[in-house]
1. Report whether or not A:CYS94 is crowded, with 21+ Cβ neighbours inside 10 Å, among the hydrophobic types (A, V, I, L, M, F, W, C), at the interface with chain B (Cβ under 8 Å from one of its Cβ atoms) and assigned to a loop (DSSP other than H, G, I, E, B).
2. Identify all residues within the range B:72-88 that are in a helix (DSSP H, G or I) and without any contact (Cβ under 8 Å) to a residue 60 or more places away in the chain; write none if there are none.
3. List pairs: first in the range A:41-54 and of a type outside the set (Val, Ile, Thr), second assigned to a helix (DSSP H, G or I), Cβ under 6 Å, 6+ apart or cross-chain?
4. Working only within the range A:115-143, note down all residues that are among the small types (Gly, Ala, Ser) and touching a strand residue (DSSP E or B) at 6+ places or on another chain (Cβ under 7 Å).
5. Restricting the search to the range A:98-128, which residues are more than 9 Å from every other protein chain (Cβ to nearest Cβ) and assigned to a helix (DSSP H, G or I)?
6. Given the conditions (1) touching a helix residue (DSSP H, G or I) at 6+ places or on another chain (Cβ under 6 Å); (2) within 14 Å of chain B (Cβ to nearest Cβ), and given that A:GLN87 satisfies all but one, which numbered condition is not satisfied?
7. For A:LYS168, work out the one condition from (1) charged (D, E, K, R); (2) touching a Phe, Trp or Tyr at 6+ places or on another chain (Cβ under 7 Å); (3) crowded, with 21+ Cβ neighbours inside 10 Å it doesn't fulfil.
Amino acid sequence: MIELRDATVVFNRGDPLERRALDDLTLSVAPGEFVTVIGSNGAGKSTLLNVLTGDVLVSSGAVSFDGLDVTRWPVNRRAAFVGRVFQDPLVGTCGFLTIEENLALAARRGCRRGLRLATGPKRRAALRDRLADLKLGLENRLGDRMDQLSGGQRQALSLVMAAVMEMKILLLDEHTAALDPRIAAFVMSLTNQIVAEHGLTTLMVTHSMRQALDHGSRTIMMHEGRIVLDLKGDERRRLSVEDLLRMFSKVRGETLDDDALLLN
Amino acid sequence: MTPYAFFGALEAGLLFGIVAIAVYVSFRILDFPDLTVDGSFPLGAAVSALMIVSGFNPFLATGCGILAAAAAGALTGLLTVRLGFLDLLSGILVMIALYSINLRIMGRPNIALIGEPTVFTPVEQLGFKSNTAILLVLMAVVVVVATLVSRFLLSEIGLALRATGANARMAAANGVNVRHATIVGLTVSNGLVGLAGALFAQSQGAADVAMGIGTIIIGLAAVILGESILPGTGVVRAVVAVVIGTIVYRLAVALALNSDLLGLKSQDLNLITAVLVVVALLAPRLRRGLRRGIFAAEARR
């Protein structure tokens with residue numbers, strides 16, 4: 001169980017620019033649940049994710065993973081429990097290292113690192129099998145530098161790297177937003193496959209209402225640092241993108257016009 | 001070039017090859033422009049020279065020189081990651097502090113080691129001439145250092161260091177403590193520089209408080225030169241490249257100083273080095289500009 005209790009994040013406290021990015025937010029994600037998170041810019045989606053990864057520490061409130069209080073833990077310590085895919089493929093993978101080295105680095109997430117060789121023939125065979133499953137032809141390019149790959153290939157590898165080790169939660173930060181539609185669909189189907197295969201607890205931030213409803217088992221909508229909608233089960237299944245958009249506008253106190261529908 | 005000048009250049013090339021490997025670790029692997037080395041080079045020399053004239057075993061003295069310099073590197077790392085100082089500033093602060101510390105350690109601006117036992121003495125006792133013995137020992141040390149550093153960079157910790165320098169967010173997301181990685185890298189790098197300083201003092205017959213000036217630039221010149229002589233990827237290639245880069249650089253400098261045509265003197269060394277680094281850093285840009293110029297000319301046709 002991943003839990004946020006009364007989590008509040010205030011940026012620039014005491015400054016004219018003071019902003020409450022998370023406002024007394026409480027959320028529990030059950031094991032195996034796949035939560036999609038939507039909301040407008042500045043609603044607090046990224047802050048929610050960053051509070052779970054440890055990039056942002058809460059001003060007040062608590063974060064716990066399976067009952068373990070990790071509120072004050074930094075990113076590298078939480079990494080033992082957190083698998084993560086960034087929006088930018090250039091951030092989630094290291095262009096300067098080879099494909100094999102990237103995977104080797106990920107394979108020690110949450111473990112002590114020693115003076116053993118990071119890569120070797122034994123591990124290489126396992127990696128090759130793993131990459132062959134992707135059907136991207138990357139299994140024969142283990143020695144190539146990561147910066148020779150396309151954004152889509154790097155994002156697919158980010159997912160594989162995240163899933164190499166066990167985790168308590170997989171965090172996806174608009175991880176298909178920077179990709180062209182065809183590649184985005186591939187990465188999304190790979191995501192579903194990996195989540196299902198390992199039974200991962202997942203939280204995915206997205207800009208796309210369609211994506212939010214089509215994937216996962218629960219959808220939350222954020223606005224001004226709070227959760228304003230929490231949908232699951234039948235209620236969520238019956239919902240169309242139009243319904244969701246209408247709710248979205250109501251929350252924001254706006255009337256829905258046809259443009260918004262068309263654009264989405 | 002006389003044989004004497006050639007072997008002198010080779011000796012200096014090997015010695016500064018160790019510095020170049022160290023600068024490769026800080027500057028390229030960690031992406032940390034570490035100016036501490038201008039202070040840790042004479043620190044290694046000062047500690048080992050003082051211990052040798054006090055009657056300690058030269059190998060023990062060299063070891064202590066390495067440890068002292070490594071500690072200086074760790075201090076620069078701490079200033080940067082714990083106190084959040086700018087990396088350049090941390091290095092400069094430690095370097096300046098080391099100037100006073102080195103004077104304190106030696107008690108005077110320099111210590112002569114003429115006639116004292118050094119790490120080269122056992123090889124001399126095998127019947128080799130002094131210069132040959134120095135060359136042999138330096139060759140062995142460079143091979144050992146290059147092998148150990150390569151092996152270290154290929155290890156799990158080494159990989160974490162490389163990821164830290166290239167993409168700190170990704171490294172942290174994969175559980176790497178990037179602060180520790182920075183400190184470890186600077187400790188290793190400065191330890192190597194201390195070793196070079198200790199060997200330099202013993203081969204030259206003196207430790208001098210001013211001997212560290214320009215160490216970072218000499219290392220940097222070697223790294224950049226090595227990368228253009230032997231381009232490609234992989235840490236083993238890179239480590240070999242910087243050693244070759246240093247030797248080529250010292251030989252080139254010796255040639256320049258020995259040609260009467262140019263009228264250069266040995267005091268021009270640092271100026272030559274600085275000019276070389278500027279040219280090497282500009283080279284890729286100039287090459288691109290030239291290519292663009294050609295394409296532009298073709299387009300007009």
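The values are calculated or read from the model by the stated rules, or taken from the named source; none is laboratory data. Worth saying up front: this structure is predicted, and the values here are computed from it rather than measured. Note that we place each Cβ from the backbone using ideal geometry, even for glycine, and neighbour counts take in every protein chain shown.
1. Numbers: crowded, with 21+ Cβ neighbours inside 10 Å: yes; among the hydrophobic types (A, V, I, L, M, F, W, C): yes; at the interface with chain B (Cβ under 8 Å from one of its Cβ atoms): yes; assigned to a loop (DSSP other than H, G, I, E, B): yes.
For A:CYS94, the condition - crowded, with 21+ Cβ neighbours inside 10 Å, among the hydrophobic types (A, V, I, L, M, F, W, C), at the interface with chain B (Cβ under 8 Å from one of its Cβ atoms) and assigned to a loop (DSSP other than H, G, I, E, B) - is met.
2. Looking only at the range B:72-88, we keep the residues that are in a helix (DSSP H, G or I), and these are B:72-81, B:87-88.
Once the filter is applied, which keeps residues that are in a helix (DSSP H, G or I) and without any contact (Cβ under 8 Å) to a residue 60 or more places away in the chain, the range B:72-88 yields B:LEU75, B:LEU79, B:ASP87, B:LEU88.
3. Short answer, once both residue conditions are applied: A:GLY54/A:VAL75; A:GLY54/A:ARG78.
4. To start, the set of residues in the range A:115-143 that are among the small types (Gly, Ala, Ser) comprises A:118, A:120, A:125-126, A:132, A:137, A:143.
The answer is A:ALA118, A:GLY143.
5. A:ILE99, A:GLU100, A:LEU103, A:PRO121, A:LYS122, A:ARG123, A:ARG124, A:ALA125, A:ALA126, A:LEU127, A:ARG128
6. (1)
7. Only one criterion is unmet by A:LYS168, namely (3).
Here's the yes/no breakdown for (1) polar (S, T, N, Q); (2) more than 22 Å from A:MET209 (Cα to Cα):
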residue	(1), (2)
A:LEU4	no, yes
A:ALA7	no, yes
A:ASN12	yes, yes
A:ALA21	no, no
A:LEU27	no, no
A:ALA30	no, yes
A:GLU33	no, no
A:VAL37	no, no
